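Pasting in a structure now, in structure tokens, and then I'll have a few things to ask.
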Amino acid sequence: MTENIDISIREKNIAFIGFMGAGKTTIGQLVAKKLYRDFIDIDQEIERIHQMPVSQIFEKLGEASFRKMERELIVSLCTGTRLKIISLGGGAYLQEEVKKACLSHCLVFFLDLSWESWKERIPLIIDSRPVLQNKSLDEIEELFMKRRDAYSINHSQFTTSEIDPETAADRIVESLKLAWDIYQPNRDDIY
Ligand SMILES: Nc1ncnc2c1ncn2[C@@H]1O[C@H](COP(=O)(O)OP(=O)(O)O)[C@@H](O)[C@H]1O
Ligand SMILES: O=C(O)C1=C[C@@H](OP(=O)(O)O)[C@@H](O)[C@H](O)C1
Ligand SMILES: [Mg+2]
């Protein structure tokens, strides 16, 4: 695989980070479609490779094994690919090696949302996120706030509270095109 550090801003992979349920998978996929780019969801990729859902990987192989799988996959994609839209799992960016690789090689987009909005999404995600099992709401809120600090180191951020995924994706695409034009103007041919 080729080293990726000097590629143009337009060709850089875009990495979506944020808490579970922020919409990384849903919005990442929409952004990829709108930009005609390949989409890679790290959890889905790990599930495909290991032929089991993430919750079962946690149960059978343990969280440490899952963290190693996500770390290796993300670092390899960051250093070896370009023009991809990559949605990370919410815990991946907490690993120093992942954070460094993403910040060096990708445009890192933090999908944020308020705690109040997040709570409305609990029924949608609770069963499939092992990290949320056996935790009180107060413990989850503490994790949410603590992780927000880690996600605050990014290249750009966007709040998804009260915004539907399609609108969020449209606005993210707009802001990306604006950033590309500012940092590398007159290259409409590569959109
Ligand atoms: N902007 C949004 N507004 C409302 N629901 C959303 C939004 N984005 C995602 N969802 C829903 O929240 C759940 C989690 O979304 P997902 O994309 O899997 O989040 P993540 O990958 O960040 O964990 C899904 O059921 C999805 O349909
Ligand atoms: O935050 C976490 O530790 C996790 C988030 C999940 O991905 P999403 O953020 O896409 O839900 C998935 O990687 C796994 O359940 C662990
Ligand atoms: Mg996801």
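The values are calculated or read from the model by the stated rules, or taken from the named source; none is laboratory data. Just so we're clear, the structure is a prediction, and the values are computed from it rather than from any experiment. Note that each Cβ is placed from the backbone with ideal geometry, even for glycine, and that neighbours are counted across all protein chains shown.
If a residue counts only when it is modelled with pLDDT of 95 or more, of a type outside the set (Asp, Glu) and closer than 23 Å to ILE57 by Cα, which helices (runs of 4 or more DSSP H) contained entirely in the stretch 118-191 have at least 2 such residues?
The qualifying helices (runs of 4 or more DSSP H) are 122-125, 137-151.
Inside the stretch 97-146, can you point out the residues that are closer than 30 Å to GLU11 by Cα and either surrounded by fewer than 16 Cβ atoms within 10 Å (Cβ to Cβ) or touching a Leu at 6+ places or on another chain (Cβ under 7 Å) (or both)?
Selection gives GLU97, LYS100, SER104.
In addition: Sort out which residues of the stretch 113-123 are in contact with a Phe, Trp or Tyr (Cβ under 7 Å, 6 or more places away or on another chain) and away from ligand 3 (no atom under 15 Å from the Cβ), and write them in order of number.
TRP115
Is it the case that PHE58 is under 17 Å from the mean Cα position of the chain (by Cα) and surrounded by 15 or more Cβ atoms within 10 Å (Cβ to Cβ)?
No, not satisfied.
Can you find a residue that is more than 16 Å from ligand 1 (Cβ to nearest atom) and not β-branched (Val, Ile, Thr) anywhere in the stretch 116-127?
no
Contact list please: Cβ distance under 9 Å, first residue in the stretch 89-104 and more than 10 Å from ILE17 (Cβ to Cβ) and more than 16 Å from ligand 1 (Cβ to nearest atom), second residue among the acidic types (Asp, Glu) and part of a helix (DSSP H, G or I), pairs at least six apart or on different chains.
So the pair list comes out as GLN95/GLU70.
Further question on the same structure: State which residue is farthest from ligand 1 (Cβ to nearest atom) when the search covers only the stretch 56-79 and only residues that are in contact (Cβ under 8 Å) with a residue 24 or more places away in the chain and over 16 Å from LYS99 (Cα atoms).
Here the residue is GLU59.
Now, a different point. Among the listed residues GLN29, GLN51, which satisfies the condition of being of a type outside the set (Lys, Arg) and within 13 Å of ligand 3 (Cβ to nearest atom)?
After ruling out the rest, the residue left standing is GLN29.
Another question, then. Between GLU59, GLU47, GLU63, which is more than 24 Å from PHE158 (Cα to Cα), among the charged types (D, E, K, R) and near ligand 2 (Cβ under 9 Å from one of its atoms)?
GLU63
Against the definition (touching a Phe, Trp or Tyr at 6+ places or on another chain (Cβ under 6 Å), away from ligand 2 (no atom under 11 Å from the Cβ), in a helix (DSSP H, G or I) and modelled with pLDDT of 95 or more), how does LYS99 come out, yes or no?
Yes, satisfied.
Moving to a separate point now. Kindly indicate whether MET69 is modelled with pLDDT of 95 or more, under 17 Å from the mean Cα position of the chain (by Cα), within 16 Å of ligand 3 (Cβ to nearest atom) and in a loop (DSSP other than H, G, I, E, B).
no
Restricting attention to the stretch 66-95, and to residues there that are polar (S, T, N, Q) and under 15 Å from PHE39 (Cβ atoms), which single residue is nearest to ligand 2 (Cβ to nearest atom)?
Once the filter is applied, the top-ranked residue is SER87.
May I pose another question? Which one is farthest from ligand 1 (Cβ to nearest atom) among residues in the stretch 33-45 that are assigned to a helix (DSSP H, G or I) and surrounded by 19 or more Cβ atoms within 10 Å (Cβ to Cβ)?
Within the stretch 33-45, the match that is farthest from ligand 1 (Cβ to nearest atom) is ILE42.
A further question on this structure: Is there any pair with a first residue in the stretch 160-182 that is of a type in the set (Phe, Trp, Tyr) and a second that is surrounded by 13 or more Cβ atoms within 10 Å (Cβ to Cβ) and assigned to a loop (DSSP other than H, G, I, E, B) whose Cβ atoms are under 7 Å apart and which are 6 or more apart or on different chains, and what are they?
TRP180/ILE9; TRP180/ARG10
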